[in-house]
1. Taking 0.36 nm per residue of sequence separation and subtracting the Cα-Cα distance, how much length would be gained by fully extending the chain between Gln27 and Arg592, in nm to one decimal?
2. List the residues, sorted by chain then number, that are 5 or more residues from Phe55 or on another chain and whose placed amide H is less than 5 Å from its amide H.
3. Collect residues whose amide H, placed 1.01 Å from N in the peptide plane, falls under 5 Å from the amide H of Ser46; neighbours closer than 5 in sequence don't count.
4. Take the Cβ-Cβ distance between Arg208 and Thr581 as r, set R0 to 56 Å, and report the resulting FRET efficiency rounded to the nearest 0.05.
5. Report, in debye and to the nearest 20, how large the dipole of the range 23-158 comes out about its Cα centre when Lys and Arg carry +1 and Asp and Glu carry -1 on their Cβ.
6. What residues have an amide H closer than 5 Å to that of Arg197, excluding those fewer than 5 places away on the same chain, when H is modeled at 1.01 Å from N in the peptide plane?
7. On a C-alpha basis, how far is the centre of the range 289-327 from the centre of the range 28-47 in Å? Whole number, if you could?
8. How big is the range 279-323 in terms of Cα radius of gyration and Dmax, in angstroms?
Amino acid sequence: MLSPQWLDELRQRITLSGVISRTTKLQRAGREWKACCPFHNEKSPSFTVNDEKGFYHCFGCGAHGDAIRWMTDQRGLSFMDAVKELAAEAGMEVPAPDPRSARQAEQRAGLHDVTAAAQEWFKNNLLGPEGEKARQYLQGRGFDAHTIQRFGFGYAPEGRQALKSALGDKFPEPMLIEAGMRIAVEGKEPYDRFRGRLMLPIEDSRGRVIGFGGRILEAGKTDAPKYLNSPDTPLFDKGRTLYNLHRAGPASRQSNRIVVVEGYMDVIALAAAGIADAVAPMGTALTEQQIALLWRLVDVPILCFDGDAAGQRAAMRAISRALPLLHPGHSLSIVHLPTGLDPDDLIKQQGAAAMEKLLANPQSLLDTIWEHEREAKPLRTPEDKAGLRARLIEHVELIADKDIKSLYRRELLDRFYAFAFPKREFTPQRGGSGGKRAQFSGKSAEPALTEDARQRLHSFVSGGARDRLAQAVIAGLARHPGEIARHVETLGKLTPDDLRFAAAIDSLLDIADTLEISGQMPISAPGDFAPPPDKTRFSFLMEGSDPQGAREDLAEAVSLLVERPALEAALADATRRFEQTFEQEAFEEQQRLLKRKLEFERRLGQMASKRAGQSATESAPAGPQEEERASRQQD
């Protein structure tokens, strides 16, 4: 038996594209190679070879593997012959067989004989007098003879020693126990694991029986589990096994999908209805190893869950397990069945077409997270909404891939802020009679802030916010409420991470809904509203500023505030891509965005320079002409 470390060394020494190019014409495509797939007929290339990752993959038929798999599948060599040929090419010696590993391989071969014999015995029992109740159950489920034969249904009779009596002369007791067919109890005689159950064989990817699942037939029996699987054995690892994978794999290459349901009876119900590309985990939540098996078949497997609360919980457990494993191009999609129905119920009530319709429109992983958390708890108070945001971020933090993590965070927060602070349509009230705008009459009513709005804005401005520009804009609009209407649509595009800033924006939109337009609005401070500490930078925060100049500076500040998040996100993305790929295109994009950022900083600096210039002019001593003009005015 060859060690995993030795096989990894062999793969690293072999250039996969060199091996494949001997029989298949490859074309360079960036860091990969492409070709028309040698495993199926196609006109446009969908077969790729990645030397860095050491595998080939066909997006058309799903063929996937490494150099050894290529030699066995495409060249038709046995595993050891493929290894020996590649080792000779790589200058490596094939290790001599390890006696211990050889014994383990022989042991597994012996256990395969045990499970195969047990399967034949179970099948024969189903056809005999003892299997009458099991046959009635299968008839009630609507399974025809073809389905029963195809999936290998059988029956384990009552009796603690029935299997021992049937197979004990062929296999010793320790082998029956190690294969999971019998249970050993200290100080007592071992007994059969499966008794009085409808039996199903669990098979590996090569169709060999490696374990069993049994369903109890006595409806009133409550002292035993409804479904019972084989324990983990040298043959069977429930965390690495998917029921029906050896049948669903070939079917998925035709349908370009793989469907994961909750149990093996669901798989059989779908297969009986003509849906052959379904698998199921072995009574546990989907594991990392099982997800990896699914991704070898398709990029986005479909997880189908019952429409009850248990199905919802199972879906979220699977999502939590999958999030750390996400990588570009690979995800999961989710289908929730109608409440109270499993796949068999849906097919019986509405037909296979209804099931196909659901499978054709699955929900994305991101949509499922958003809808589940939004509906998980009431969202009546600010604290409830903050809890929703925290739960969404918990999911995001599970993602290991930095790019996917950033995109999930952005998308979920966009949805959160759109939900928590919905965009408002600004419809200003009209002053004057007949809906006409009142004419300017010298003095105009200054828009007023409610006390609640004033307190919320004051809390943000004076609360030590990290974002000085956001702080200044909120303070500026609070000091000059007449300008809110002008910028309400632009501010509605913001999706800030700072919840206090979001609340302040929401307050401004509240204010905008209640302001009356009555002639030309002046710009003037509310009086007791405290400006932020760096007020000297912005003219719209200073007493006695030129109204027109203050309006222009405030508009520029709002523009910069809205532009900045997109600029910073794009720059971070370009920088990350350049650090990962060192491609010229990524470098040029990064430099272009850096120039835009410098321009952004220049525009922000100009506002400070402009204000500094005004301050210098205001503080300079008056010249002779100014003194003469002032004297004439006094006279």
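The values are calculated or read from the model by the stated rules, or taken from the named source; none is laboratory data. Please read these numbers as outputs of a predicted model, since none were measured by experiment. Here the Cβ is made from the backbone with ideal geometry for all residues, glycine too, and neighbour counts use every protein chain on show. Accessible surface areas use protein heavy atoms only, side chains included; no ligands, DNA or RNA. Shrake-Rupley method; radii C 1.70, N 1.55, O 1.52, S 1.80 Å.
1. Values: separation 565, 0.36 × 565 = 203.40 nm, distance 3.25 nm.
Additional length available on full extension: 200.2 nm.
2. Asn50
3. Ala35, Cys37
4. Working: r = 44 Å, r/R0 = 0.78.
Efficiency, rounded to the nearest 0.05: 0.80.
5. Working: 17 positive and 18 negative charges, 96 e Å.
Its charge dipole is roughly 460 debye.
6. Here the answer is Ala156, since their amide H atoms fall under 5 Å of that of Arg197.
7. That distance is 29 Å.
8. 10.4, 30
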